[in-house]
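Every number here is computed from the coordinates shown, using simple stated rules; none is lab data. Fair warning: this is a prediction, and the values are worked out from it, not measured in the lab. Cβ placement follows ideal geometry from the backbone for every residue including glycine, while neighbour counts extend to all protein chains displayed.
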């Protein structure tokens, strides 16, 4: 299928402005570029309350931001991990998408600022995100949440972390997760599936950028075979929570996301897989620039309301 017209126009504008791909930037430049994505986001959706606080992490305190929608509680809680290749992105870039997610789904969203690479290598982000889930499970009632209705959610590297947190919670007998939402997830550091080649250049996220992100994240190349870095490579996918997996047609990560959905299905996990033709990696963040981004939020809201029994 052809590129979505708005997406094509956005890519052409970025090219005309001379925007470099991430692997051509320093870490500082890449982080500044990620902050610029806020200009592509719609005005924030109305929520009842937003709270900033810090919680105990795996190695020091973690900032979190809690988005509480309207509605009578206790409400389900989604622990959200932002994308950005484990290197870029933060709570400010994620703020408007999290407000939209809370408003659409009727669930409380707890966004976590995990430690970033390259300053903190694998598995630091995993440990932080798991600590955040444990804190949410233990403290949900404090902010109107229901600890019996927990989900994890993320986009890109954040979806990798959500999938890995679900694996870790199963492996360690941790909090029960009732839903996982994985938007264009990174699932395999060793991937050489067709979409990595077909969509290697020209669609915002490049194959070279993914290699750059992985180099910053992993302590050593062999870590890429660890299932807590590459959840597709886990030996056992049974007993994981029902999953919604969203992939984009023009995304180097498309095939590894779909391969993960198939692995989950083969292990008996209920899975909803949706590919969005004509769209690219990053659509979830670009709510003003790409109108069809609303399709993702509607799909997520429907899944969350179903799996977590939102009234």
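Structure above, values below:
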| read-out | value |
| --- | --- |
| Helix-only mean residue ellipticity at 222 nm for the chain, each DSSP H run of n ≥ 4 adding -39500 (n - 2.57), per residue, nearest 500 | -11500 deg cm²/dmol |
| Choice from 125, 289, 243 with maximal GNM fluctuation in the chain (Cα, 10 Å cutoff) | 289 |
| Of all DSSP beta bridges in the chain, antiparallel share, percent nearest 5 | 30 |
| Sorted by Cβ density within 10 Å, fewest first, the residues 214, 86 | 214, 86 |
| Difference of contour (0.36 nm per residue) and Cα-Cα distance, residue 190 to residue 298 | 35.7 nm |
| Correct choice for Kirkwood radius over Cα pairs in Å that was computed from the model, options [x] 22.9; [y] 18.2; [z] 19.0 | [z] |
| Fewest-first ranking of 112, 190, 272, using other Cβ atoms within 10 Å as the exposure measure | 190, 272, 112 |
| Pairwise FRET efficiency - residue 306 versus residue 236, Cβ, R0 = 25 Å, nearest 0.05 | 0.45 |
| Nearest-0.05 FRET efficiency for residue 220 and residue 53, computed from C-beta distance (R0 45 Å) | 0.85 |
| Sequence of 82, 237 once ranked by neighbouring C-beta atoms within 10 Å, starting from the fewest | 237, 82 |
| Label-point separation, residue 27 to residue 197 (7 Å along Cα→Cβ), nm | 3.3 |
